[in-house]
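One structure below.
The values are calculated or read from the model by the stated rules, or taken from the named source; none is laboratory data. On a predicted model such as this, the values are computed, not experimentally measured, just so you know. Methodologically, a virtual Cβ is constructed for each residue, glycine included, from the backbone with ideal geometry; neighbour enumeration extends over all protein chains shown.
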Amino acid sequence: MATLAPQHLALMPASHACALALALVASGSLRAQVVEVNLTAAPGTTQVAPGVSVNAWLYNGSMPGPTLRVTEGQTLRVRFQNNLPDSTAIHWHGQPIQLGMDGVPDISRPAIAAGQEFIYDLNNLIPGTYWFHPHGHEMQLDVGLASVLIVDPANPGSDPAFDVEQTIVLDDWANPLGGAFSGHLLNGRSSAGQNPISVQPGQRLRLRVVNVAATTNYVFALDGHAMTVTHADGNRVQPVVVQAIPIGIGERWDVLVDCNNPGTWSLAASTIENRNATMVRGIVQYAGQTGPMPAATFVPTNLASGSLLNYSQLASYFPVQPITSTPNRTFTASLGMGMGPSGMIHTINGQTWPNVTPFQVAAGEHVQMSIVNNGMMMMPEYHPMHVHGHFFRLMGTAGGTANPPKKDTVLIRPNGQPGSSATVQISMDNPGRWLLHCHNMEHMATGMMTAIEYNGDADGDGVLTRSDYEPMLPLPVVTISDQPSAFAPGASGAVRVQWTPGQAFGLFIGPNELALWVSLPGLGTLVLDPTSAALYGLVLTSTSGVATLPYILPNNPAIIGLRVGMQGVGVVPPANSVVLSTFQALTAR
């Protein structure tokens, strides 16, 4: 690979690397409990009804993908392999995690090239119902790449009691890759493919309902039963009893159902625009009931005309940051639409992504934002607005200023209708560059996305927060190309590192990871096994904080499948101590 020159070696004394390796091998692990899972994205087929299959892109071969479940306090380590024909990334929707794990190409990392891998290390996860999906590749939101992440509270008593639990994933299917079905899905199946949810009289059923659709906002209801709302976007709220619930794209509602009305019942979903037509339905069936299944087209009375949940009814169950009358900054996000050179565009404050002026904030501030739908009234549109890395605190609700509900996705109704605006406050407690966007795939793809950008250098590593892949971690970040051509036999490419401008960085490569990662205070986390690693190259970062280490792969097909791990050390001024970089693997394809 790279050839080292003597002047490079002078940048970092050999004793630094040797002493570091010895210290790391000798040190004990400070790891918290880690749950590791393997996740692969690949093309496949899936059955949406008996005898009916469609082409799709799938996580671990299923639609929805596997539900990932951990307990609060555990670290979720997802070893993700991209076997798609396109680059991709995974966004952990709703979780206010560190920026580097947020899965937004070119903001948190480059996208993951076809044939390559990335390790998502997710810690400090918030209890509740969340989901994951691609970001930055809008078409991928509509081909099957979605699944659920559940984080159970460390104290089970902080959740309401229930007897039976079922996750409900609502989706629209436009058949983009070919197949014999177009329509709506519940847990990856049409109404014809549903298996009943079995309950006993007297039980309490918990439903975790997630809308992963590309373009459809739904209303859902369970025939013959009221629902008690307990969680909004993962956050527990004071119980609210309703007959039907609107659910915007990206939203999650947890509800409890008291099973006190034996029978075989339709769990039905309509579009938000027309509650009088069932798009897809599941079945809740009491034990011992043998009656016929409700027809797929049956519209329950409560779906069509029952009391509908309104945000104004919500209040946080647990203490939250109160609404302040003196926010540090006040913004307006005006949502619009119009015609551009290539057709319809959707805008925030008259701008389309990526040509936007980000909202500027500072760590520790409390920001108030009014989100207003100013779209054309003759073309009514709903906008499920989603913020990354934070929760909104909704104003003007039953929670008042002391207990406002927290959400990460807010459904803004069409201009001229009640609910066409929302005012929220956000605690700026997670420095980075974060997206704010409509979760309707078509609206996002035509421009309705902007950024919230923190000022300064949160971790003091010399890389400004707005461009730092890891703005809260003062360590070098190693990345590889998002283009598969960079990993073919004979290809030339470069490993890139982001680190303190003007400082030295040394990259080590080796075939093995440590079986147990080693966390060392002040140094970072060792992943690459130093006993099998070799120094690859030494560089100085540029004035912008970026360095490249070029390579040329042998032009030999025998290297296909060869995987090497890469991790380095960066020099920290003024004492010339070192810190570990992030880990990245590279596979010849």
Checklist line | Criterion: farther than 19 Å from residue 439 by Cβ, surrounded by 13 or more Cβ atoms within 10 Å (Cβ to Cβ), under 26 Å from the mean Cα position of the chain (by Cα) and not basic (Lys, Arg) - qualifying residue of 356, 372, 387, 361 | finding: 361
Next item on the list: Would you please list the contacts, defined by Cβ atoms under 7 Å and residues six or more apart or on different chains, that run from a residue in the range 113-131 that is without any contact (Cβ under 8 Å) to a residue 60 or more places away in the chain and hydroxyl-bearing (Ser, Thr, Tyr) to a residue that is surrounded by 19 or more Cβ atoms within 10 Å (Cβ to Cβ) and part of a strand (DSSP E or B)?
Entry: 120/78; 120/80; 120/90
Margin query: Please go through (1) over 20 Å from residue 133 (Cβ atoms); (2) in contact with a Lys or Arg (Cβ under 7 Å, 6 or more places away or on another chain); (3) buried (at least 24 other Cβ atoms within 10 Å of the Cβ) for residue 232 and return the number of the only condition it doesn't satisfy.
Written below: (1)
Next item on the list: Could you tell me which of the residues 76, 84 is among the hydrophobic types (A, V, I, L, M, F, W, C), modelled with pLDDT of 50 or more and part of a strand (DSSP E or B)?
Entry: 76
Margin query: Just the residues that are closer than 24 Å to residue 213 by Cβ, surrounded by 24 or more Cβ atoms within 10 Å (Cβ to Cβ) and not hydrophobic (A, V, I, L, M, F, W, C), please, taken from the range 407-436.
Written below: 407, 408
Margin query: Return the residues of the range 54-73 that are part of a loop (DSSP other than H, G, I, E, B) and of a type outside the set (Asp, Glu); say none if nothing qualifies.
Written below: 60, 61, 63, 64, 65, 66, 67, 73
Item checked: Checking residue 280 against (1) outside the structural domain of residue 202 (by TED's automatic domain parsing); (2) touching a residue at least 40 places away in the same chain (Cβ under 8 Å), the condition it does not meet -> (1)
Item checked: Extreme residue, surrounded by the fewest Cβ atoms within 10 Å (Cβ to Cβ), among residues of the range 58-85 that are touching a Pro at 6+ places or on another chain (Cβ under 9 Å) and not hydroxyl-bearing (Ser, Thr, Tyr) -> 85
Notebook entry, point to check: Checking residue 30 against (1) at pLDDT 95 or above; (2) surrounded by fewer than 21 Cβ atoms within 10 Å (Cβ to Cβ); (3) not small (Gly, Ala, Ser), which single condition isn't satisfied?
Noted result: (1)
